[in-house]
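One structure follows; several queries about it will come next.
Values in this text are rule-based calculations from the coordinates and carry no lab data. Note that the structure is predicted; figures quoted are calculated from it, not measured. Cβ atoms come from the backbone with ideal geometry, glycine included; neighbour counts cover every protein chain shown.
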């Protein structure tokens, strides 16, 4: 029966007090629903050190600092029971303010080290009870059963080439099939494995070549080993892009569709990952470390209809430090967030606020700076001009967050950051506008990172706009491509110039100022590809419909050096010029011996395939491949030899080269012998066929009663025929006279 409210006073009556509160306590007590008390805010922490009654408060206080990174935890909400002997059971119950904080603690604090001997294990209290109800936890302890040891395949076995020739592998993705090959220089490549529908979108190598990545609507899969078995999988639905950390410890996946966790759960993701776009994974364990949603990108202005133009998404959105210990994300215009790995906790629990920051990039190596005892990771960033404040480029050291160097810039339209592979140099390519803002010019500001105080050198003499810049790997030279034309999307590439720069020679171990070597004008080049070992570089025109030139340069040519270059650390020589119709991609092999060029079906459908060149630009092979989409060399891990051992090998290279030259000669001789044997085999087969055929013809003529030799029978028939007499009359006029008769 519903309660009646007829006894309530009429608000229009004069004796009714509007401020008087109505008492519903009797109704609330009568009709209140008793809800089951939830335990979602409780977590259980295992792996704690054993303490006593006296030392327990100190441990709880220390533990609370870790726990408060995920939410508010009072010290009285940490319950750490003691046994009859006065010692703790090495676990504790913790209550958070919300269930979301408890879930985040389980995800982020599980596995975090308290000290050298103790590591926290954090689980939800409800999970422990649920596992117990489902019978997963037995009340009686029984020792775990150890599975029989099964030896896994060596994931870097390809480095021990079975032929002993140190060949490299490459992968081809064509139509719906993925193929793996050994490179055999001039000879046809050796097929290793081929699988149809191995991927649904594209394939990608991990940075050190350990894994091949395949993309699927269900997620990402990693393959490797001699049998190409599946090694790992990461269930990120409708994944679009993937990025590895430099040391292959972690993985970032991204999908333009937000993650949707079904009601019955997800095999790897948790409810708090719902609605997120990015997931960062631990490759070894296969577990997600943390997920993030897309950032709202600020607009770059408005279009003709007055609608805001959004910035393009930068990839990778999360950038890794060289040592895999940090990953950072840019919030354009305001801050940089640096997270520690593997905890994925914000460094010092604070974002790094940098007003107007446009871009940043980690140093690709840990630079050993002069005068610095403790080497930290570095990243560079730049900010535009804001009001009366100039544009700025900065270097920051992580984790100390120390500003190592800053540089003020004026009249800046755009800036690009280019690290040299050893982090010895940082080049900031600055596009400056004139006062009228109608013309652009480029300056190169080079930070000498390893030198004391990080001095900055300005490269002079550049009048046009630089559209491409590339450092020499493990070197101190660079190449630029400039143009005086307005660069716009067009089928016709602009007229460009290619310029080479290197340092001057100086006494001692120092490096001189950067000087111009040579410029090649009237080009259409738009891309620069350095050998991974330095010295050799390919300057090319790619993704063009009219020009397909590729020029192979040597910067340490062993011939005579021009007098004008005597003071420079380079001897530039154009070795060869080649062309590949419709070339879209150019890639050096990891040893710097070969260059592969490919024409991708993704960009155009005419004459798809690949060419193979040596480092001098001599073509070795030309292979048409229908519907080829990707052609990728397999990367190699860094060498395990020390720099001193590598120097020793370089000094004695001629002794080693004798062995390799002999192997090449033997291989060539064996190839010639194989050709001779092949020809001899063909001749033997033809002679055997001829003998068999002659025998068949002989038997056939005998059966038909014909002579064995048809020519001899024809001669006999001619001899036995009757003689014929042929008369021939020949008339000849001997003399002719004319006489008149009366």
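Taking 20 °C and 1.002 mPa s as the conditions, I'd like the Stokes-Einstein D for the chain in µm²/s, using the Kirkwood hydrodynamic radius from alpha carbon pairs.
The diffusion coefficient I find is 64 µm²/s.
When you count, for each residue, the other Cβ atoms within 10 Å and take the mean per peptide, how do 607-618, 234-245 rank with the highest first?
Peptide ranking by packing, descending: 234-245, 607-618.
Turning to a different aspect of this structure: For the chain, what's the relative contact order in percent, using C-alpha pairs closer than 8 Å and at least 6 residues apart?
6 percent.
Tell me, what is the FRET efficiency for residue 402 and residue 334 to the nearest 0.05, using R0 = 22 angstrom and their Cβ-Cβ distance as r?
0.60
Can you tell me the mean projection area, over all orientations, of the convex hull of the stretch 245-394's alpha carbons? Units nm², please.
12.5 nm²
Taking the beta-carbon count within 10 Å as an exposure proxy, list 496, 693, 366 from fewest neighbours to most.
693, 366, 496
Need the C-alpha centroid separation for the stretch 385-416 versus the stretch 332-353, integer Å.
Here the answer is 19 Å between Cα centres.
So, one more: Using helices alone, what [θ] at 222 nm do you get for the chain, with -39,500 (n - 2.57) per DSSP H run of 4 or more residues, divided over all residues and rounded to the nearest 500?
-5000 deg cm²/dmol
Starting from the Cα-Cα distance between residue 97 and residue 355, subtract it from 0.36 nm times their residue separation and give me the gain in nm to one decimal.
Extending this stretch completely gives an extra 89.5 nm.
Using a basic spin-label model with each label point 7 Å from the Cα along Cα→Cβ, how many nm lie between residue 457 and residue 150?
5.8 nm
Evaluate E = 1/(1 + (r/R0)^6) for residue 518 and residue 614, where r is the Cβ-Cβ distance and R0 equals 25 Å; express this FRET efficiency to the nearest 0.05.
FRET efficiency, residue 518 to residue 614: 0.60.
For labels at residue 543 and residue 284 in the simple 7 Å Cα→Cβ model, what's the distance in nm?
3.8 nm
Just from the alpha-carbon atoms, what are the Rg and Dmax of the stretch 179-336 in angstroms?
18.5, 59
Calculate the spin-label point distance for residue 46 paired with residue 666, positioning each point 7 Å from the Cα along the beta-carbon direction, and give it in nanometres.
5.8 nm
Taking the chain as the reference, fit the longest principal axis to its C-alpha atoms, fit the long axis of helix 56-67 to the helix C-alpha atoms, and give the angle between the two in degrees, 0 to 90, nearest 10.
The helix 56-67 is inclined about 50 degrees to the chain.
Taking the highest mean first, how do the peptides 146-152, 122-128 order by number of other beta carbon atoms within 10 angstrom per residue?
122-128, 146-152
As a test of the definition: which semi-axes, in Å, follow for the stretch 42-133 when you take the square root of five times each eigenvalue of its alpha carbon gyration tensor? Largest first, please.
That gives 20, 15, 13 Å for the three semi-axes.
Regarding the stretch 107-259, what's the average projected area of the Cα-atom convex hull, expressed in nm²?
14.9 nm²
Sticking with this structure for a sec: Based on the mean of other beta carbon atoms within 10 Å per residue, what is the order of 674-686, 574-586, most packed first?
The densest-packed peptide leads the list: 574-586, 674-686.
Just to confirm my numbers, what's the Cα centroid distance between the stretch 217-267 and the stretch 35-102 in Å?
Value for the Cα centre distance between the two parts: 34 Å.
Shifting gears a bit: Could you tell me the calculated FRET efficiency between residue 626 and residue 61, based on Cβ-Cβ distance and R0 = 51 angstrom, to the nearest 0.05?
Efficiency computed from Cβ-Cβ geometry: 0.15.
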